[in-house]
Amino acid sequence: MYLATTGRRPDAPSRPAGVGRRVPGTVIALGAVSLVTDVSSEMVTAVLPLYLVLGLGLSPLQFGFLDGLFNGATALVRLLGGRLADRGGGRHRTVAGVGYLLSALSRLGLLLAGGAAGGIAAALAADRLGKGVRTAPRDALISLSAPPEALGRAFGVHRAMDTTGALLGPLVAFAVLWATADAYDAVFVVSFAIGLLGVLVLMLYVPAGAGIPPGAAAPAVERKPAVEPRPAREKTRALADPVFRRVVTAAALLGAATIGDSFLYLLLQRGLDLSPLLFPLLPLGAAACYLLLAVPAGRIADRTGRRTPFLCGHGALLAAYLTLLAPPVWPTAVLTLVLLGVFYAATDGVLMALAGPVLPSEGRAGGLAVLQTGQALARLVGAAGFGAAWTWWGPRPALAVAAVALAAALAAAGRILPTREAS
């Protein structure tokens, strides 16, 4: 059993020269939706650490739990979103649209919560519920819209457009704070309006029937007929596939050793004694690097196999942790942001391109939801653990422990991930 990630099906009709190199229109449309939505979400993400830690006085431990909630405590909803999208073909766009709308409405929750920790936690949970609902159907749409041999590039194009929004989001937040004399409420209002625009783009430009698995077409993955075909119901049980289980296990191990971007930015801000007004600009360095490298990383993964770029990306994250342990000066800060951008370019879309072809089309959204859930729960553990270590030991000892944990997880993942990819 093996991953077919680069080759074209033997029974697929021949294409004219150059046609297979075009990114499908559905991928471009979804990229536009993600671009607009990321402007909205990154506006909030850029100011959230300051708002919670410096503005409301939360401890690093409290922020660690909230950050973990913001990034990973939506496991059941991710699974539900994937399952709903797979049932009754054609629901991918509808389910994703519900998720995008819920995230937009969560900005109003932050506005109404004031300084109440419970209200803030509820608003963050609503945002992550929306992200959990939409992510698997969206990635399944991309995976089902592009040929298997071009999935790396398709995800790279989508992630590049998504990251353009991430790049613009902090700039918009910076402009709003500057124009309103640090009024966080204004950031939340503008973010809400932009989020609604993303929902509108999805409904107008992503085809309603996108994501319906072709009933008569051959499956996107060809497997060696070493075993009897599984019953149709079992095809939707992603973890029944031993190759997919190995991908999930490796991703979860690495996720548990990931401390979260917000902590990295807080470490940089404290080390450089950076003005709170300039804090929202820190993510721009990582986002710019991610934007430049997402498509090249996807194309390299298509040509060389997706396992190696995925592992190398986590190696770049490890290098970022080690760089932060050096004396806090601007050159090391810039290097840290560049390495963080390399990490996302080599892992985010590449992981989806690695896992997508091993899943049957009729269960792809649910399978990707399982993978994303495992990774999200692991990152919840990592964020909470690092917040606790920072509170008890201080930032530098906590970061050193995180670096050791990531090195161990990287070594383990190198042994667990499938080593064979074939056309």
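Worth a mention:
- Model label sites at LEU112 and ALA411, defined 7 Å from Cα along the beta-carbon direction, differ in position by 5.2 nm.
- Size descriptors for segment 285-423, from the alpha-carbon set: Rg then Dmax equal 16.3, 52 Å.
- Placing pseudo-labels 7 Å out from each Cα toward the beta carbon at ARG87 and LEU197 gives an inter-label distance of 3.6 nm.
- Label-to-label distance, ARG270 versus LEU292, with points set 7 angstrom from Cα along the beta-carbon direction: 3.0 nm.
- Projection of the Cα convex hull of segment 248-314, averaged over all directions and equal to a quarter of that hull's surface, yields 5.6 nm².
- Extension reserve of the ARG303-ARG245 stretch, reckoned as 0.36 nm per residue once the Cα distance is removed: 18.5 nm
- Estimated at 0.36 nm per residue, the fully extended path between LEU204 and ALA400 surpasses their Cα-Cα distance by 65.7 nm.
- Summed over all non-identical Cα pairs, the Kirkwood treatment of segment 103-186 gives a radius of 15.2 Å.
- Here the Kirkwood formula, the inverse mean of 1/r across different C-alpha pairs, assigns segment 94-139 a hydrodynamic radius of 10.5 Å.
- Here the scattering of segment 382-423 is modelled by Debye summation over its C-alpha atoms, one equal scatterer each and no solvent; at q = 0.21, 0.22, 0.27 Å⁻¹ the log10 of I(q)/I(0) is -0.68, -0.71, -0.87.
- For the peptides 381-394, 91-104, the ranking by packing is 91-104, 381-394, with the highest mean count of neighbouring Cβ atoms within 10 Å listed first.
Each value in this text was obtained by applying a stated rule to the coordinates, not by laboratory testing. The structure presented is a predicted model; accordingly, all values stated were derived computationally and were not measured. Here the Cβ is made from the backbone with ideal geometry for all residues, glycine too, and neighbour counts use every protein chain on show.
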